[in-house]
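*Asks:* This is the structure, below, for whatever I ask next.
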Amino acid sequence: MPQIPEKIHELTVGQLAARSGAAVSALHFYESKGLISSRRTSGNQRRYSRDALRRVAFVRAAQRVGIPLATIREALAELPEGRTPTEDDWARLSEAWRSELDERIKQLNRLRDHLTDCIGCGCLSLDTCVLSNPDDVFGERLTGSRLMVERRDSTTTRRRTAATSRGRGPEAECCD
């Protein structure tokens, strides 16, 4: 990893990419999302302050644990005068994000454990389908595959007629 002399207070996008391990395109994206900032030279080249290294490290660490960029941006915006996050900032924010991550882990474990229960057609006809109908939220209102918008046009009528003629009820139309 190339060292940056102490006397250099600003980095080019290439230097920032080399030091942070982030692609130049990722740095441009982070800048467009307000996660890092640069100034432009008279030749319209980007220059980043040295503290951009810590901001990029912060963003990448948060991304690795699944924090959305919008949430990261909000956290960075809360820092006084847009300063670089410190170790204490990371500790405070990561504690706040912990419950969100725990909930996501719980949901992913539940999805993994019930993956074989999914019929994959999207009709929501399984009573206990945790992939399409978590916690049976639709069971409170409807049964079967009636979540599809029923159109009263000739196409729907033809599908219902065909389904009925094959000995299946109209709820089977979503799976044909």
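The values are calculated or read from the model by the stated rules, or taken from the named source; none is laboratory data. Note that the structure is predicted; figures quoted are calculated from it, not measured. Every residue, glycine among them, receives a Cβ derived from its backbone with ideal geometry; neighbour counts consider all protein chains shown. Note: areas computed on protein heavy atoms with side chains; ligands, DNA, RNA excluded. Shrake-Rupley method; radii C 1.70, N 1.55, O 1.52, S 1.80 Å.
*Asks:* Do we have residue 77 as open to solvent by 60 Å² or more (accessible area, probe 1.4 Å), more than 18 Å from the chain's Cα centre (by Cα), within 23 Å of residue 11 (Cα to Cα) and among the aliphatic types (A, V, I, L, M) here? Walk me through how you get there before you give the answer.
*Replies:* Numbers: open to solvent by 60 Å² or more (accessible area, probe 1.4 Å): yes; more than 18 Å from the chain's Cα centre (by Cα): yes; within 23 Å of residue 11 (Cα to Cα): yes; among the aliphatic types (A, V, I, L, M): yes.
When the stated conditions are applied, residue 77 passes them.
*Asks:* A follow-up question, please. Can you find even one residue in segment 35-47 that is in a helix (DSSP H, G or I), surrounded by 12 or more Cβ atoms within 10 Å (Cβ to Cβ) and in contact with a helix residue (DSSP H, G or I) (Cβ under 7 Å, 6 or more places away or on another chain)?
*Replies:* No: segment 35-47 contains no residue that is in a helix (DSSP H, G or I), surrounded by 12 or more Cβ atoms within 10 Å (Cβ to Cβ) and in contact with a helix residue (DSSP H, G or I) (Cβ under 7 Å, 6 or more places away or on another chain).
*Asks:* Please list, ordered by first then second residue, the pairs with beta carbon atoms under 7 Å, 6 or more apart or interchain, first in segment 43-62 and more than 16 Å from residue 33 (Cα to Cα), second buried (at least 16 other Cβ atoms within 10 Å of the Cβ) and acidic (Asp, Glu).
*Replies:* If the second residue must be buried (at least 16 other Cβ atoms within 10 Å of the Cβ) and acidic (Asp, Glu), the pairs left are 47/10; 49/10.
*Asks:* Of all residues being more than 18 Å from residue 63 (Cβ to Cβ) and outside any helix (DSSP H, G or I) in segment 80-108, which is least open to solvent (accessible area, probe 1.4 Å)? Just the residue, please.
*Replies:* 86
*Asks:* Need pairs with beta-carbon distance below 7 Å; first residue under 19 Å from residue 53 (Cα atoms) and within segment 71-99, second part of a loop (DSSP other than H, G, I, E, B) and open to solvent by 50 Å² or more (accessible area, probe 1.4 Å); sequence gap 6+ or separate chains.
*Replies:* Final answer for the pair search is 73/33; 84/51.
*Asks:* To continue, here is another question. Scan segment 18-37 and report the pairs whose first residue is over 16 Å from residue 61 (Cβ atoms) and whose second residue is among the β-branched types (Val, Ile, Thr), with Cβ atoms within less than 7 Å and a gap of 6+ or a chain change.
*Replies:* Within 7 Å, the pairs are 24/13.
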